[in-house]
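To keep things clear, I will list the structure first and then write my remarks on it.
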Amino acid sequence: MSGNGVDLGSVYGLLLEVAAAVNRHDRRFDELEARMATKDDLASLKAEMDRRFAAMDQRFVELRQEVADYHAAVVGHGIHISDHEDRIGRLERHTG
C-alpha cells in the first residue's frame, strides 16, 4: 500500500501498549483481591467485636455499681460529717 494505507507497525505498537496496560490491571486486580476480606473473615471479625462489646457492657455494669456504691458511701459519710460539724458549731457557739 501507499502512504495512505494502514501503518501496521503503529497498530502493532498500540496493541502492545494495550496488552501491557491490561496485564498491569490484571496484576493490580489480583493484588486487591488477595487483600480483600472474605465473607467468613467479616463474619469472624463481627463475632469478635460482638464478644468484646458484650464484655465492655458487662464491665460498664460493674463500674456503674462500683460508682453507685462509692457514692452511697461518700454521701453517707458526708451526712455524718455534716451532722458532726453542726454539733461542733453549736457547742462552740454555746461555750463561746
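Cβ-Cβ contacts under 8 Å between residues 6 or more apart (or on different chains), taken from a first residue in the range 54-83 that is modelled with pLDDT of 70 or more to a second residue that is of a type outside the set (Gly, Ala, Ser) and surrounded by 10 or more Cβ atoms within 10 Å (Cβ to Cβ), are absent. Being at pLDDT 85 or above and either under 18 Å from the mean Cα position of the chain (by Cα) or surrounded by fewer than 10 Cβ atoms within 10 Å (Cβ to Cβ) (or both) narrows it down to one residue among Leu42, Leu14, Leu8; which is it? From the options Leu42, Leu14, Leu8, the qualifying one is Leu42.
The values are calculated or read from the model by the stated rules, or taken from the named source; none is laboratory data. Everything quoted here is computed from the prediction, not taken from an experiment. For neighbour counting, all protein chains shown are included, and Cβ atoms are generated from backbone atoms with ideal geometry for every residue, glycine included.
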